[in-house]
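**Student:** Have a look at the structure that comes next, please.
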Amino acid sequence: MSFFKKELKNIISEKHRGFAIPQILILGIGIAVGVSGLMAASILGLTGSKITRQELLAKSSSYSGITKLRALFNDNSEGRLFNYFWLVDNCSEKAAECESLSISDPTTEYWADDYWCDDEENCNGRQKAPVCTPYENFSWIDEKQIVENFFRNTNYVGNSLTNSKRDFDQAFNLISSKYIGTEESGTNSILIEGLSIPKNSNDISGSNKLRVNIQVKGETSEAGFGFFSAGENNSDKTDSLFIGNLNILPFNNAKGSIIWRMNIDDISECQDFQELAKAENASLPRRGNGGIWIQPLNLPKQPRLKNVIDIGSLICTQKRYEESNSSCKLSAGNSPQKTFRIYSLFARGPGSKFEISTTDDSKVILEVMGDIDISNGGTFCHKNGSENCGSGKPENLTILFKQKNKSNLNKLVCNRDGNDGGIKFKNDYIYTDIGYPIDNNRLPGNSFLIDKTGENPDQKFGAFIFGPKTTFISAKPKSSWIQDNNSNNPSMVVTSRGSYGYILSNVGDTVESNITNLILDTDLTLIPYGGNQENGNNLEIIGIGQKVGNIPTGTLFNSSTNNVFLIFDNSTSNYHLRSFKTLNINRLNSANFQYSYPRAFAILDPKNSINDINLGNNLDENSLANNWLKAFDIKVKQTNENYSRNFSGAVWVKNICFDDMGEKTWEFSKNFINKLATWHGSNFNWGIKYYRGKSIILWDTLRDFQSN
């Protein structure tokens with residue numbers, strides 16, 4: 001062995017002998033610590049483990065309480081109303097922010113909405129929940145009592161078993177819940193206390209306070225989708241809907257609801273929904289799909305438009321429709337979508353037609369600045385591609401009304417005084433001190449009149465109609481005679497803003513000849529379409545004429561009269577010729593033309609022998625009235641069509657006013673719901689929302705132990 005190896009061996013041996021004592025010492029310390037740990041565990045076993053177990057039991061109780069609360073508030077089975085309690089604040093007696101138990105009534109809570117209140121005094125906003133519900137099994141009193149008991153009582157988890165050997169009972173107390181968010185979504189912050197309650201009163205009880213924020217989301221089911229929406233703001237109330245004898249199809253498999261946007265102040269005001277909507281002669285389900293729901297839900301904003309093609313005002317008489325390259329025939333062509341801006345659309349009179357072609361791959365949006373009048377034999381022909389009229393799919397055509405003026409003084413409403421339906425003016429506003437130009441806010445809102453949906457009885461009109469300030473009308477006039485616009489007389493009577501008006505020329509292209517004018521009776525009030533006047537005049541304006549020949553002799557009628565209206569008096573069923581005077585009220589410019597502001601008022605002269613000729617109740621060619629009509633170049637046609645009106649799609653407007661005459665149907669289609677939301681976005685899956693507490697987005701735990 002070398003010297004180096006020998007020395008290395010000695011060094012290692014010395015080092016090994018030097019570590020012998022410390023290793024024994026360390027082993028002894030380890031044994032001592034182990035014994036001490038066992039002793040400590042034994043000492044603390046009776047206390048520490050019990051506290052830890054209580055903490056876990058209390059925390060588990062909190063979780064159980066949150067689960068039960070979420071299950072309760074998410075329950076809307078068979079028409080239960082608990083889901084609206086997500087949207088309100090509640091307090092137990094333990095809550096610091098409340099002096100006593102306080103459970104909110106969702107029907108007395110409101111969404112702040114200045115537009116809904118519209119400067120109306122004592123308006124709290126839109127109700128968060130409906131006072132009147134179509135379900136008879138559950139009431140707000142019962143639902144609120146269940147929630148109140150949930151917050152009032154200590155809620156035990158599980159059942160206590162007889163002779164149970166458990167040392168602790170589990171329970172929870174709901175302290176408070178607070179909603180922060182909008183009608184669409186928000187967060188409900190819940191403060192809950194989980195308890196571990198010892199059966200031995202000398203032991204310590206465990207408490208686990210938990211702050212949980214739960215995401216709340218509103219969802220619209222197929223049954224809740226709004227095919228109808230009536231009511232613009234809080235002042236409209238019941239005036240905004242008249243269903244008449246409308247039949248909802250398919251009756252047993254309809255999807256969606258009729259939504260009446262209205263605050264109900266007290267449950268005593270609730271009554272049969274069908275009776276309230278003047279729908280005793282209608283065929284619609286009492287509840288669920290196809291039924292009526294009263295609640296002022298927030299409407300979505302109008303879809304944004306781009307690349308709008310401005311085509312002005314359309315007067316689609318038979319002659320204009322048949323012209324080559326007529327603007328009365330529209331389509332998207334090869335484009336996936338086209339948007340057209342129309343000032344006003346009139347297809348009024350025999351043979352009048354507006355045609356629009358859409359497909360699944362080429363949709364059309366019409367932005368309407370004024371009115372639509374499809375009446376007196378005129379048709380709105382919506383085609384699917386090159387197929388027949390009435391084949392157009394409603395999900396491929398959207399009609400958006402963009403009214404500019406704010407109509408408060410002269411409100412257009414449904415006529416609910418009897419069973420006739422139609423429309424009237426609520427205030428019967430008298431146009432005195434008119435001024436020039438007139439304050440256009442004194443005019444009623446725009447209207448969409450359609451009294452015929454196809455050339456054949458089985459054809460239908462389908463579209464999505466969006467106009468929160470617009471009145472949708474489907475009603476027939478009482479007169480059986482209409483003016484034939486295919487004569488040489490260029491002037492024509494139209495319906496504008498729900499009232500009778502006229503256009504000077506249906507052939508010219510100038511602003512002056514195409515701009516609308518409105519008609520006032522001798523009391524200086526507008527004459528609503530159908531003649532339902534508060535002052536009792538009840539006149540229908542049938543036609544307009546200009547003198548082209550000598551008038552019959554033997555009367556006191558003023559021979560210098562050049563312009564007359566043909567009038568039907570509903571109270572006597574007689575026809576009259578009446579002279580009138582005109583008064584300009586707006587400047588003749590493109591802005592007033594675009595927004596369908598009238599250029600002038602035509603004011604009927606007083607009804608006397610100088611200004612009025614009674615033509616009797618027959619306008620036949622062989623009647624004495626015919627000579628008078630020829631003198632003023634008024635050609636008329638008798639109409640006795642007993643056609644049905646068939647609709648599909650959705651209409652979200654200020655007023656929905658049908659009549660109680662003839663057969664009418666409206667199809668509620670699941671396919672339309674899906675396609676509309678795909679086109680315009682999920683916001684347009686609009687209707688009755690059922691609120692769901694979904695994901696938990698915050699846990700905040702505070703541990704607290706106290707002796708009994």
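Only the coordinates and a few stated rules stand behind these numbers; no lab work does. Since the structure is predicted, the reported quantities are computational estimates derived from the model, not experimental observations. We place every Cβ from the backbone using ideal geometry, glycine too, and count neighbours over all the protein chains shown.
**Student:** Given contacts defined as C-alpha pairs under 8 Å and at least six residues apart, what's the relative contact order of the chain, whole-number percent?
**Tutor:** Working: 1715 pairs, mean separation 107.9, N = 708.
Computed over the chain, the figure is 15 percent.
**Student:** Near residue 607, within a Cβ-to-Cβ distance under 12 Å, what is the net charge of the other residues, with Lys and Arg +1 and Asp and Glu -1?
**Tutor:** Values: positive: 578; negative: 521, 523, 569, 605, 612.
Local net charge: -4.
**Student:** Enumerate the aspartates and glutamates that residue 478 could reach by cross-link, defined here as Cα to Cα under 13 Å, with residues fewer than 8 away along the same chain left out.
**Tutor:** 420, 451, 540, 569, 641, 659, 660
**Student:** May I pose another question? Under a point spin-label approximation (7 Å from Cα along Cα-to-Cβ), what is the residue 153-residue 199 distance to one decimal in nm?
**Tutor:** Distance between label points: 2.1 nm.
**Student:** Cα to Cα, under 16 Å, and not fewer than 8 places away if on the same chain: which lysines meet these conditions relative to residue 547?
**Tutor:** Within the straight-line cut-off, residue 547 pairs with 581, 630, 635.
**Student:** Would you mind counting up the charge near residue 153? Only other residues with Cβ under 12 Å from its Cβ, with Lys and Arg at +1 and Asp and Glu at -1.
**Tutor:** Here the charged neighbours net out to 0.
**Student:** Then there's this: For the stretch 308-646, give the share of DSSP beta bridges that are antiparallel, in percent and rounded to the nearest 5; count only bridges with both residues there.
**Tutor:** 50
**Student:** Pairs 424/654; 319/383; 301/424; 426/670: which are spaced more than 25 Å apart, C-alpha to C-alpha? All intermediate terms of the calculation are to be shown ahead of the outcome.
**Tutor:** Working: 424/654 14 Å; 319/383 20 Å; 301/424 28 Å; 426/670 36 Å.
From the list (424/654; 319/383; 301/424; 426/670), the Cα-Cα distance tops 25 Å for 301/424; 426/670.
**Student:** With an 8 Å cut-off on Cα pairs and a minimum separation of 6 or more residues, tell me the relative contact order of the stretch 308-646 in percent.
**Tutor:** Once divided by the residue count of the stretch 308-646, the mean separation gives 16 percent.
**Student:** Now, a different point. Treating the beta-carbon of each Lys and Arg as +1 and of each Asp and Glu as -1, no other charges, what is the dipole magnitude of the stretch 308-646 about its Cα centre, to the nearest 20 debye? Show your work: numbers first, answer last.
**Tutor:** Working: 34 positive and 33 negative charges, 112 e Å.
So the dipole magnitude of the stretch 308-646 works out to roughly 540 debye.
**Student:** Give the cross-link partners of residue 94 among the lysines, using a straight C-alpha distance below 25 Å as the criterion and excluding same-chain residues fewer than 8 apart.
**Tutor:** The qualifying lysines are 59, 68, 144, 178, 199, 209.
**Student:** Further, regarding this structure: May I ask which residue of 369, 499, 568 lies farthest towards the positive end of the charge dipole of the stretch 308-646, with charges of +1 (Lys, Arg) and -1 (Asp, Glu) on Cβ and the Cα centre as origin?
**Tutor:** The residue sitting farthest along the positive end of the dipole is 369.
**Student:** What does the charge dipole of the chain about its Cα centre add up to, to the nearest 20 debye, if the Cβ of each Lys and Arg holds +1 and the Cβ of each Asp and Glu holds -1?
**Tutor:** In debye, rounded to 20, the chain gives about 3160.
**Student:** Right, here's the next one. Report, in deg cm²/dmol and to the nearest 500, the calculated mean residue ellipticity at 222 nm for the chain, where each DSSP H run with n ≥ 4 adds -39500 (n - 2.57) and the sum is divided by the residue count.
**Tutor:** Details: 11 runs with 120 residues, N = 708.
Roughly -5000 deg cm²/dmol at 222 nm, from the helical runs in the chain.
**Student:** Here is a further query. Select from 437, 463, 418 the residue farthest towards the positive end of the dipole of the stretch 365-472; place +1 on Cβ of Lys and Arg, -1 on Cβ of Asp and Glu, and compute about the Cα centre.
**Tutor:** Farthest along the dipole direction, towards plus: 437.
**Student:** Place +1 on the Cβ of every Lys and Arg and -1 on the Cβ of every Asp and Glu in the stretch 308-646, take the dipole about the Cα centre, and give the residue among 582, 511, 592 whose Cα lies farthest towards its positive end.
**Tutor:** Selected residue: 592.
**Student:** Could I ask something else about it? Expected output is a single nm value to one decimal: the length gained when fully extending between residue 101 and residue 306, i.e. 0.36 nm times separation in residues minus the C-alpha distance. What is it?
**Tutor:** The span from residue 101 to residue 306 would gain 68.4 nm if fully extended.
**Student:** If N is the number of residues in the stretch 346-443, what value comes out of its Cα radius of gyration divided by 2.2 N^0.38 Å?
**Tutor:** 1.43
**Student:** On a 0 to 90° scale, report how tilted helix 140-152 is relative to the longest principal axis of the chain, with both axes built from alpha carbons and the result rounded to the nearest 10.
**Tutor:** The angle comes out at about 20 degrees.
**Student:** Now for a separate question. With both bridge residues required to lie in the chain, what share of the DSSP beta bridges run antiparallel, to the nearest 5%?
**Tutor:** If we restrict to bridges inside the chain, about 55 percent are antiparallel.
**Student:** Which entries in 306/338; 460/664; 128/255; 393/460; 237/278 show an alpha-carbon gap greater than 18 Å?
**Tutor:** 128/255
**Student:** Can you order the peptides 547-555, 495-503, 275-283 by their average number of other Cβ atoms within 10 Å per residue, highest first?
**Tutor:** 495-503, 275-283, 547-555
**Student:** Does anyone have the angle between helix 48-73 and the longest principal axis of the chain? Alpha-carbon axes, 0 to 90°, nearest 10?
**Tutor:** 10
**Student:** I would also like to ask the following. Stretched out fully, how many nm does the piece from residue 120 to residue 94 gain, at 0.36 nm a residue minus the Cα gap?
**Tutor:** 5.5 nm
**Student:** Place a point 7 Å from Cα of residue 590 in the direction of its Cβ. Which residues in the stretch 497-513 have their backbone N less than 17 Å from it?
**Tutor:** 509-513
**Student:** Also, quick follow-up: Once both labels are modelled 7 Å past Cα along the beta-carbon direction, what's the residue 335-residue 253 spacing in nm?
**Tutor:** Here the modelled spin labels are 3.7 nm apart.
**Student:** Quickly rank 422-431, 634-643 as a protection proxy: mean count of other C-beta atoms within 10 Å, highest first.
**Tutor:** 422-431, 634-643
**Student:** Follow-up. For the stretch 308-646, treating each Cα as an identical point scatterer without solvent, what Debye log10 I(q)/I(0) comes out at q = 0.14 1/Å?
**Tutor:** Evaluating at q = 0.14 Å⁻¹ gives log10 I(q)/I(0) of -1.12.
**Student:** For the chain, what D do you get in µm² per second when you plug the Kirkwood radius from alpha-carbon pairs into Stokes-Einstein at 20 °C and 1.002 mPa s?
**Tutor:** Working: Rh = 30.1 Å.
Reported coefficient: 71 µm²/s.
**Student:** What does the net charge come to around residue 174 if you take all other residues with beta carbon closer than 10 Å to its beta carbon, with K and R at +1 and D and E at -1?
**Tutor:** +2
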